[in-house]
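Remarks on the structure that follows.
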Amino acid sequence: MDARRESEPTPMKNRTTVERKSERELVVTRTFNGPARIVFEAWTKPELFRRWWVPKSMGMVLRSCEMDVRVGGTYRLAFEPDGVAFFGTYLEVTPPSRLVWTNEESGEGGPVTTVTFEEIGGQTLLVMHELYPSKEALDAAGTGAADATVETFAQLDELLLALGANLGVLT
Amino acid sequence: MVQYTWTRFDASFAALSDVTRRGVLEQLARADASITDLADRFQMTLTGMKKHVCVLEQAGLVTTEKLGRVRTCKLGLRRLDEEAAWIEKYRKLWAARFDELDTVVEELKRMEKVDGRKKRE
């Protein structure tokens, strides 16, 4: 085990960030230690894609993964045991820098996903952008409505704590 | 950003300077309520309660939603907490995916090296 570790050093994990950019948009950002053509390949070849898209922590098993990666082509990912599926259509395929597809499993409310791969000094900056048809659709995908951005949460949390303490004293 | 935050704080503290409004927040922390419910509970007119709720709403402490003829009030912050929690859950899923993707990328890089030249389809 130790020998294997020495021969295959595990690099530091890069940070994944998520931001609710607007009422209708979520943006996920991550850097990968490899050229864009390799990262792009891992997003567009089903035998590679299925190895990372369902991490063990998700607790689900992929039954099938079909991807016809070309403009107008479709994809379909079905899970064990009941066949719950994610599916949609590729709108743009520009190797190795850009992929755009629809998410149609939840009907009209599904977002359009745009992934860009930007190579910088041998590394790849990946930006995944999900644009929902409406604020309501994004809220429904996650949680209740909120107008504030992520950055204000910390301050508001502090305020809530202070408020809770005050109310405790006052009543 | 800082300016925005302080404006927000000022509005919040102004909203909290009134004993009835603090009571309304405490009440909403237990359960959502309509303006009529709140007016009854605090023994005031509908118009008076509407004004208080409006101040709390502008401070972002309360959100209201009109369903039919009833306006329901909720604690605003709780919803923010929910969104923060959801975004963190979503981030964790993608972080887990991308950590696995690192492994795939490392493997493809090694394969390219072994091949001695760029692997092209």
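Read-outs: derived from the displayed coordinates by stated rules, not from any lab. Since the model is a prediction, treat every value here as computed from it, not as a measurement. No Cβ is skipped: glycine too gets one built from the backbone with ideal geometry, and neighbour counts run over all protein chains shown.
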So, how do all the Cα-to-Cα distances of segment A:78-128 break down into 5 Å bins, in percent, from 0 on up? 5, 18, 19, 18, 15, 13, 8, 3, 1
Run the dipole for segment B:11-102 about the Cα centre, Lys and Arg Cβ at +1, Asp and Glu Cβ at -1, nothing else charged, and hand back the magnitude in debye, nearest 20. 440
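For segment A:2-145, what percent of Cα pairs sit more than 27 Å apart? Could the numbers behind the result be given before it?
Details: 2762 of 10296 pairs.
Distances greater than 27 Å cover 27 percent of the Cα pairs.
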Could I have the simple spin-label model distance between A:ARG63 and B:ALA29, label points 7 Å from Cα toward Cβ, reported in nm to one decimal? 4.8
R0 of 35 Å, Cβ-Cβ distance A:THR29-B:LYS66: FRET efficiency to nearest 0.05: 0.40
Of the listed peptides A:71-80, A:35-44, A:18-27, what is their order by residue-averaged count of other C-beta atoms within 10 Å, with the highest listed first? A:35-44, A:18-27, A:71-80
Two-decimal Rg to Rh for segment B:2-76 - Kirkwood Rh, Cα set: 0.98
Partner lysines for A:LYS56 [C-alpha distance under 21 Å; skip if fewer than 8 residues away on the same chain]: A:LYS13, A:LYS45, B:LYS89, B:LYS92
Can you return the lysines within cross-link range of B:LYS74? Criterion is Cα-Cα under 16 Å, with same-chain partners fewer than 8 residues away left out. B:LYS50, B:LYS51, B:LYS66
